[in-house]
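> Let me give you the structure first, and then I'll get to my questions.
The values are calculated or read from the model by the stated rules, or taken from the named source; none is laboratory data. No experiment lies behind these values; they were computed from the predicted model shown. Here the Cβ positions follow ideal geometry from the backbone for every residue, glycine too, while neighbour counts run over all protein chains shown. Side chains included, ligands, DNA and RNA excluded: accessible areas come from the protein's heavy atoms. Shrake-Rupley method; radii C 1.70, N 1.55, O 1.52, S 1.80 Å.
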Amino acid sequence: MGISMNEQGLQLFADNYSSSDFLKIRYDWNGKCGNEFRDSNYDFRMMLCQYLLPQIEKVNVQLIRDLFIETSKSSEATFGAYINIHVYAQELLDRDWRKYLRDFMQGGSYGMDSYLSIGRIKIKKDTALEILNYVKETIETTTDEMERKLYMLFKDRFEWLAIKED
C-alpha cells in the first residue's frame, strides 16, 4: 500500500490528499460477494474513514467525496454499509448540496444498505425543501432517463426530511 497505517500516516495522507492518491482508496473489488469479497483498499479506506470522523468538517471535500463514493460502492458486495457513511453523506450536503447532491444520490444507489444508511442524515427543513424543489424540477426537466430514475429514488426521502418533526 505504501503508506503508514498509524495516526500520523493517516493524517499526512488526509492533509496532502490529491487526485493522484485516489488509487489508494478506490474500490478495488474482486467481483465476489460475502465471505469471498476482496478489496485491496478496503482496510485502509475504513481505517481512514474512522480516523477522520472527529475532524470531518476540516477534511478536504474531495477526499470526503471520494471516500463516500468508494465506501458506498462496497456496500452491495459486503452485504452491509459502513456505520458512519451518513456522516460523509451529510458533510457533502452541508458543504455544498448543489455541487454534491448527485454524488450523494449516486452513493446511496449502490444497494439497499447504502440507501438506508445515508438516510440517517440530519439536515435543516429549509435545506431539505430547497433540495426537494431542485429534485422535482430536475425530474420534470431532464431528458436523461437514468438521471430521472436516480432523482425519483430520492424524491420521497427529501419530501420526508422537509416535513418531519425534529
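> Rounded to the nearest whole Å², what accessible area per residue is found for the chain with the 1.4 Å probe?
On a per-residue basis, the chain sits at 55 Å².
> Restricting to DSSP H runs of at least four residues, report the calculated mean residue ellipticity at 222 nm for the chain, -39500 (n - 2.57) per run over all residues, nearest 500 deg cm²/dmol.
-19500 deg cm²/dmol, from helical runs alone.
> log10 I(q)/I(0), Debye, Cα-only the chain, no solvent, q = 0.08, 0.13, 0.17 Å⁻¹?
Log10 of I(q)/I(0), two decimals: -0.25, -0.65, -1.04.
> Using 7 Å Cα-to-Cβ label points, what is the Ser18/Gln62 separation (nm, one decimal)?
A separation of 0.8 nm, rounded to one decimal place.
> Using +1 on the beta carbon of Lys and Arg, -1 on that of Asp and Glu, and nothing else charged, what's the dipole of the chain about the Cα centre, debye to 20? Mind showing how you got there, number by number?
On the way: 22 positive and 27 negative charges, 13 e Å.
Charge dipole, the chain, about its Cα centre: 60 debye, nearest 20.
> Which one of Met146, Met112, Met46 has the biggest mean-square fluctuation once the chain is modelled by GNM with Cα springs under 10 Å?
So, out of Met146, Met112, Met46, the one fluctuating most is Met146.
> Could you tell me what percent of the accessible area of the chain is made up of carbon and sulfur, with a 1.4 Å probe and every protein chain present? Walk me through the numbers on the way to the answer.
Values: 4600 of 9160 Å².
Answer for the chain is 50 percent, counting heavy atoms of protein chains only.
> Roughly how tilted is helix 85-108, in degrees to the nearest 10 and between 0 and 90, from the longest Cα axis of the chain?
Roughly 60 degrees, rounded to the nearest 10.
> Okay, which of segment 50-84 sit inside 15 Å, backbone N to the point 7 Å along the Cα-Cβ direction of Gln106?
The answer is 62-74.
> Kirkwood-based Rg over Rh for segment 25-82 (C-alpha set), two decimals? List each step's numbers first, then the result.
On the way: Rg = 11.7 Å, Rh = 11.8 Å.
Answer for segment 25-82: 0.99.
> Going by alpha carbons, how many degrees (0 to 90, nearest 10) lie between the helix axis of 125-141 and the longest principal axis of the chain?
In the chain, helix 125-141 runs at an angle near 80 degrees to the longest axis.
> Enter the angle in degrees (range 0 to 90, nearest 10) between the Cα long axis of helix 61-73 and the first principal axis of the Cα atoms of the chain, meaning the one along which they spread out most.
Once rounded, the angle reads 90 degrees.
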